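Handing you this structure, nothing more for now.
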Amino acid sequence: MWVVDMEKKLDGAEPPATVQKWPKHCVFRIPPRFRAARGNVFKPQAVALGPFHHREPDLAPMEEHKRRAVWHLLRCAGMALGELAAAVEGVARDLEDAYAGLGGKWRAGEENQGRFLEMMVADG
């Protein structure tokens, strides 16, 4: 059967060079051209998760609910906020790398120390 033959070929094949060069990004901004054509369909209507829509005024009412969700998570998991923060900090670079076009205000650095982590804990 052709499927078996193809599987054998694929198992021994090297991934294409382009695949090896793909960045770690998996969260992207919608290109302006698509946003303009589709109106507000790509804009969050209730809650902002992640840095791209963080602290938008019309989404602010959900911030209190996000804090409450963190409180419940900590309570159910039986852990302290410091433990959760340390766990997120351990993968912070991977989280930053997941966002294509993440602005400098979110990148780790002395000036932004903790800002990205705080947002990830609250939104995550």
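Output the residues belonging to segment 43-66 that are in a loop (DSSP other than H, G, I, E, B) and loosely packed, with under 12 Cβ neighbours inside 10 Å.
Those that are in a loop (DSSP other than H, G, I, E, B) and loosely packed, with under 12 Cβ neighbours inside 10 Å: Q45, A46, R55, E56.
Another question about this same structure. When you scan segment 21-75, how many residues do you find that are touching a residue at least 40 places away in the same chain (Cβ under 8 Å) and closer than 17 Å to M120 by Cβ?
Of the residues in that region, 14 qualify.
For segment 22-42, which positions are over 12 Å from the mean Cα position of the chain (by Cα) and assigned to a loop (DSSP other than H, G, I, E, B)?
Residues satisfying the conditions are W22, P23, I30, P31, G39, N40, V41, F42.
Any idea which of (1) at pLDDT 95 or above; (2) more than 13 Å from M120 (Cβ to Cβ) is the one L84 doesn't satisfy?
(2)
On to the next question. In segment 68-78, what residues are closer than 19 Å to A48 by Cβ and surrounded by 12 or more Cβ atoms within 10 Å (Cβ to Cβ)?
A69, V70, L73
On the basis of being more than 27 Å from L95 (Cβ to Cβ), free of Cβ contacts under 8 Å to residues at least 12 places away in the same chain and out of contact with any Ser or Thr (no Cβ under 7 Å at 6 or more places or on another chain), does K8 make the cut?
Criteria met by K8.
May I ask you to verify whether V19 is modelled with pLDDT under 85 and either part of a helix (DSSP H, G or I) or of a type in the set (G, A, S) (or both)?
So V19 fits the description; yes.
Only residues that are under 14 Å from P51 (Cα atoms), touching a residue at least 60 places away in the same chain (Cβ under 8 Å) and loosely packed, with under 12 Cβ neighbours inside 10 Å: list them for segment 79-124, please.
The one that is under 14 Å from P51 (Cα atoms), touching a residue at least 60 places away in the same chain (Cβ under 8 Å) and loosely packed, with under 12 Cβ neighbours inside 10 Å: G101.
The values are calculated or read from the model by the stated rules, or taken from the named source; none is laboratory data. None of the values given here were measured: they were computed from a predicted structure. So basically every Cβ, Gly included, is an ideal-geometry build from the backbone, and we count neighbours across all protein chains shown.
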